[in-house]
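The numbers here are math on the coordinates, done by the rules we state, and not lab data. Treat the numbers as computed from the prediction; the structure is a model and nothing was measured. With ideal geometry, Cβ positions are generated from the backbone for all residues, glycine too; neighbour counts draw on all protein chains shown.
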Amino acid sequence: MQDKYNLTREQNIFIAKRNIVDYIWKSANLEGIGVTYPETQAIYDGGVVNGLTVDKIIAINNLKYAWQFILKNEDIEYDYNALCHIHKLVADKLVLDQELGRIRTTPVNIGGTKWKPQFPIESQIKEELVALLNQSEKTKTEIAIEIMLSVMRRQMFIDGNKRVAMLFANKIMIDNGCGILTIAQDDQEVFYEKLIKYYESGDMVDLKQWIYENCIDGIDLNNN
């Protein structure tokens, strides 16, 4: 699984900033936060949007702040603490304060399946992250996708796991000039079908390949 893009970090940040509202809009809708692109743009720009719940507006602003965090901070380690900090940004004012940036202690249900994730264990998450990051035979793109899917399946947090997982993976992608992981609106139904199969089986091979083929955005600026 080769890197599709070989950009500098600055080039990758340029692409991310140019399309950031689109990425936020898609990410929000992936977790059932029903907003339109124009509504997302208006919220991002600090405008007033009538007809939306306060929680939806907060969720969009939180994604904005989380994206700003991963774009501005190059030296952040790809570790458990970074995952928890991203969750604090994504879930601020949407979950109880004592749940921000902390692994969940209550069971959760996953829509579309009877499968239930086990309670997350901090030491296991840390060990898994280290093991995934140290796969020297794999590209950064493949490692980022694997970490994203692993974090999604772990269901570390009470809410916002897919948002956290994608942002964390995109931190790896951007820092290494590999493009942006984003799931188009038209692809979200297929993504969920494959995600449920992955949750139930623990086998990410099919979903990982599908994401690689369909969900990496970028421009080969070096050839322009």
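Numbers below:
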item	result
Percentage relative contact order, the chain, counting C-alpha pairs under 8 Å, at least six apart	30
Local net charge near Met1, Cβ-Cβ under 14 Å (Lys/Arg +1, Asp/Glu -1)	-2
Given charges at beta-carbon only (K, R positive; D, E negative), |dipole| of the chain in Debye	400
Neighbour-count ranking [beta-carbon atoms within 10 angstrom, fewest first] of Leu89, Leu132	Leu132, Leu89
Cα gyration tensor category, rounded, prolate or oblate, for the range 51-142 with a/c compared to 1.5	oblate
Relative contact order of the range 1-120, defined on C-alpha pairs under 8 angstrom at six or more residues apart (%)	16
For peptides 136-144, 73-81, sequence by mean Cβ density within 10 Å, most packed first	136-144, 73-81
Cut-off 13 Å between beta-carbons: net charge of the residues surrounding Asn19, Lys and Arg +1, Asp and Glu -1	+1
Cβ crowding within 10 Å averaged over residues, with 164-172, 108-116 ranked highest first	164-172, 108-116
Charge dipole (debye, nearest 20) of the range 138-224; +1 at Cβ of Lys and Arg, -1 at Cβ of Asp and Glu	400
Positive-end residue of Thr182, Ile196, Ile86, charge dipole of the chain with Cβ unit charges	Ile86
Whole-number percent relative contact order across the range 119-209, with pairs defined as alpha carbons under 8 Å at least 6 apart	25
Cut-off 14 Å between beta-carbons: net charge of the residues surrounding Leu133, Lys and Arg +1, Asp and Glu -1	-4
Read-out Rg and Dmax of the Cα atoms in Å, derived from the coordinates shown; its label in (1) 16.7, 51; (2) 18.7, 66; (3) 24.9, 89	(1)
For Gly101, distant residues with modelled amide H under 5 Å away	Lys88
Unsatisfied cross-links (Cα-Cα over 30 Å) in the set Lys26/Lys208; Lys93/Lys138; Lys4/Lys194	Lys93/Lys138
